[in-house]
Amino acid sequence: MNPSTLIGIIASALLLATVVLFTAQAPSSFFNLPGLAIVLTGTLAASFISYPLREMQRLCRQIAVVFRREPQASELESDLGQLIEMSRHWSRGNIRAIEGALESTTNPFLRTGIQMVIANTREEEIREMLRWRMVRVKAKERTEAQILRTMAVYAPAFGMLGTLVGLINMLEVIQAGDLAVIGPRLAVALMSTFYGILLANLLFKPIAVKLERRTEARLMAMTLLLEGIMMVSKRRLPAFIEEALNTYRAEHRDEMRDVRRPQPADTAAESA
């Protein structure tokens, strides 16, 4: 499982255990199936009304991927290594070797770009096609995150609906004089809001943020590959391509100033 997601699940379990075991006389009072059913069914119903079925199905698959693993840096390393290797074949004019390398390429974005290069497609057309694929990926995956953010809005709203239902039922009970069932009716009223807030802020919003971060990482990787493909199209030397891609991938570097550790002479001067 994704390590950060696992840590989040453990922390969430500890939070719920703290709430249930240490803040209530009866832990069972925090378990209210009617209130939970109102929030879950209402949120799902509103979400299916709001979005097409295919987008909801795709969201379920993406959630499974996010929970299973994080984007691996080794995958990008492998793609960039294949790109540099194909640039060497391209500089030698060895088209057959490039075609053989493409058969083992698992990245469709890289495969499409190199195929357009060896087909002598114009640079503007290559860039336009690949950028269109990036825009499509960005739009599709941001839609999935938006669904979860919409569900995070729906959940507290249906929690309030459960609260209203519980209060209405409680008023009817009070009018009838049956005070013994006020507690269960009040539990539905309060726990519905509790479940709505909990699901919105501990499930839907965090997964949406994780999907958005995953999309940003994928777009960054695609941008690197795009720049590499364009350099191959321009017949840059493989060594230049490799150095340029390594420069683009540098992380946590401040290009505006030179941050360096203080030298012993500097430290002595400051103490003096």
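The values are calculated or read from the model by the stated rules, or taken from the named source; none is laboratory data. These numbers were taken from a predicted model, which means no experiment stands behind them. These accessible areas exclude ligands, DNA and RNA; they are computed on the full protein's heavy atoms, side chains included. Shrake-Rupley method; radii C 1.70, N 1.55, O 1.52, S 1.80 Å.
Give a residue-ordered list of calculated ³J(HN,Hα) values for region 192-204 (Karplus: 6.51 cos²θ - 1.76 cosθ + 1.60, θ = phi - 60°; whole Hz; x for Gly, Pro).
4, 5, 4, 5, x, 5, 5, 5, 5, 9, 10, 10, 5
Please give every one of the lysines within straight-line cross-link reach of K140, meaning a C-alpha to C-alpha distance under 29 Å, and leave out same-chain neighbours fewer than 8 residues apart.
Counting by Cα, and skipping residues close in sequence, K140 has these lysines nearby: K205, K210.
Could you pull out every residue, at least 5 positions away or on a different chain, whose amide H is within less than 5 Å of the one on N2? Hs are placed 1.01 Å off N in the peptide plane, and Pro or chain starts have none.
R68, R69
Roughly how many percent of the accessible protein surface of region 68-156 is carbon and sulfur, given a 1.4 Å probe and a whole-percent answer?
Of the solvent-accessible surface of region 68-156, carbon and sulfur hold 49 percent.
Once you have a ≥ b ≥ c as the square roots of the Cα gyration tensor eigenvalues for region 32-252, tell me rounded if a/c is under 1.5, and otherwise prolate or oblate according to whether a/b is larger than b/c.
Note, shape of region 32-252 comes out prolate.
Looking at the square roots a ≥ b ≥ c of the eigenvalues of the Cα gyration tensor of region 77-175, which shape do they give, rounded for a/c under 1.5, prolate if a/b is larger than b/c, or oblate?
Prolate.
Kindly write out, for region 167-174 in residue order, the coupling ³J(HN,Hα) from the Karplus curve 6.51 cos²θ - 1.76 cosθ + 1.60 (θ = phi - 60°), rounded to whole Hz, with x marking Gly and Pro.
5, 4, 5, 5, 5, 5, 5, 4
Determine the distance separating the Cα centre of region 189-245 from the Cα centre of region 98-112; give it in Å without decimals.
Using only Cα atoms to place each centre, the spacing works out to 22 Å.
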